[in-house]
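Undergrad: A single structure is presented below for examination.
The values are calculated or read from the model by the stated rules, or taken from the named source; none is laboratory data. Just so it is clear, the structure is predicted and the values come from calculations on it, not from any experiment. Every residue, glycine among them, receives a Cβ derived from its backbone with ideal geometry; neighbour counts consider all protein chains shown.
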Amino acid sequence: MRKVVLVTGGAKGIGAAIALELARHNYDIVINYLTSKEKAEQLQETIVNTYGVRCLALQADVSKEDEVDTMVATIEKELGGVDVLINNAAIDPANLFHLKTAEEFRRTLDVNLVGAYNCSKRVYKHMLHQEYGRIINISSTNGINTYYPMCFDYDASKAALISLTHNLSMQFAPYVNVNAIAPGFIGTESELDGYDEEFLKSEQEKILVNRYGKPEEVAYLVKFLISDEANFINNSVIRIDGGQQGSY
């Protein structure tokens, strides 16, 4: 039987690349989205028509427990349960330090961190019951050593997601492997949007391979980490950044 993968924030960018790559390797896919309904449904259609696996597109705000409960209950009814969870949903409301509000800070933490907690808490009982599960938290090098004052709330959330990874791996042992991936500068549309050429050039020069990453390259790493070949990898944080130098 095919394993069921839930990708939060799966309608575009890195999430969409993960959904497509795993569908290509015969996983059933659930695309979670908040506002990108059209893109989610287009991706769902592409996955079903191209790869012939089961695929759902479900709207839910992962920061809200009741919406996560409803989403996962639907998955359990339609597909049997979540075997693999990819906590990818995130927001990054970049703003100057003196203009950023506590409300923005809280919302960033709610989506990027509490959302991952809500989803992990809701799916793990199924995983423990079947004595198998994989959780991948999409963190960032911004949570390790690459910092930008205009998105300090995002950076804090991604650092906290690494801490959550370590604690969940201990809580869910020995049957559920929990790991984090920390991408560097990935050339998605949302990543490149809004920056001037000078800034983008300076950031690229910090990357030893002298280019931005591709969303598909993150998806390849996810595919490996949830495979049987990675059964002994647990409680780890893996950077995928082209040898990006830090910003301190």
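Undergrad: Quick one: which residue in ALA94, ALA89 is modelled with pLDDT of 95 or more, among the hydrophobic types (A, V, I, L, M, F, W, C) and in contact with a helix residue (DSSP H, G or I) (Cβ under 7 Å, 6 or more places away or on another chain)? Explain how you work it out, then say what you get.
TA: Numbers: ALA94 fails: modelled with pLDDT of 95 or more.
One residue alone meets the criteria, ALA89.
Undergrad: Here's a follow-up. Can you spot a residue in region 184-196 that is among the aliphatic types (A, V, I, L, M), touching a helix residue (DSSP H, G or I) at 6+ places or on another chain (Cβ under 7 Å) and at pLDDT 95 or above?
TA: Within region 184-196, not a single residue is among the aliphatic types (A, V, I, L, M), touching a helix residue (DSSP H, G or I) at 6+ places or on another chain (Cβ under 7 Å) and at pLDDT 95 or above.
Undergrad: To continue, here is another question. Among the residues of region 29-49, which ones are in contact with a helix residue (DSSP H, G or I) (Cβ under 6 Å, 6 or more places away or on another chain) and under 26 Å from GLN130 (Cα atoms)? Even if it seems obvious, please write down each step before you answer.
TA: Applying the first criterion (in contact with a helix residue (DSSP H, G or I) (Cβ under 6 Å, 6 or more places away or on another chain)) to region 29-49 yields 29-31, 33, 43, 47.
Matches in region 29-49: ILE29, VAL30, ILE31.
Undergrad: Collect the residues in region 74-103 that are in contact with a Cys (Cβ under 9 Å, 6 or more places away or on another chain) and either in contact (Cβ under 8 Å) with a residue 60 or more places away in the chain or in a helix (DSSP H, G or I) (or both), keeping them in residue-number order.
TA: If the condition is that a residue be in contact with a Cys (Cβ under 9 Å, 6 or more places away or on another chain) and either in contact (Cβ under 8 Å) with a residue 60 or more places away in the chain or in a helix (DSSP H, G or I) (or both), then VAL82, LEU85, ASN87, ALA89, ASP92, PRO93, ALA94 are the ones that fit.
Undergrad: From the list ARG122, ARG106, pick out the single residue that is touching a residue at least 12 places away in the same chain (Cβ under 8 Å) and charged (D, E, K, R). So that I can check it myself, show each step before the final result.
TA: Numbers: ARG106 fails: touching a residue at least 12 places away in the same chain (Cβ under 8 Å).
Criteria check complete, one pass: ARG122.
Undergrad: Would you list the helices (runs of 4 or more DSSP H) that sit entirely within region 114-198 and hold 1 or more residues that are among the acidic types (Asp, Glu)? Lay out the reasoning, then the answer.
TA: Values: elements: 115-130, 152-171, 189-192.
The helices (runs of 4 or more DSSP H) meeting that bar are 152-171, 189-192.
Undergrad: Among ARG211, ARG239, which is among the basic types (Lys, Arg) and either outside any loop (DSSP other than H, G, I, E, B) or at pLDDT below 90 (or both)? Give the derivation first.
TA: Working: ARG211 fails: either outside any loop (DSSP other than H, G, I, E, B) or at pLDDT below 90 (or both).
That would be ARG239, the only listed residue that is among the basic types (Lys, Arg) and either outside any loop (DSSP other than H, G, I, E, B) or at pLDDT below 90 (or both).
Undergrad: Only one residue in LEU200, LEU221, LEU161 is of a type outside the set (Ser, Thr, Tyr) and either at pLDDT below 95 or more than 30 Å from ASP83 (Cβ to Cβ) (or both). Which one? Break it down stepwise before answering.
TA: Working: LEU221 fails: either at pLDDT below 95 or more than 30 Å from ASP83 (Cβ to Cβ) (or both); LEU161 fails: either at pLDDT below 95 or more than 30 Å from ASP83 (Cβ to Cβ) (or both).
Checking each option against the conditions leaves just LEU200.
Undergrad: Look through region 121-151, keep the residues that are surrounded by fewer than 18 Cβ atoms within 10 Å (Cβ to Cβ) and among the polar types (S, T, N, Q), and return whichever of them is farthest from VAL4 (Cα to Cα).
TA: My answer is ASN145.
Undergrad: Give all pairs with beta carbons closer than 6 Å in which a residue from region 5-32 that is under 17 Å from MET71 (Cα atoms) meets a residue that is surrounded by fewer than 24 Cβ atoms within 10 Å (Cβ to Cβ) and at pLDDT below 95; count only pairs at least 6 apart in sequence or on separate chains.
TA: ASP28/ARG2
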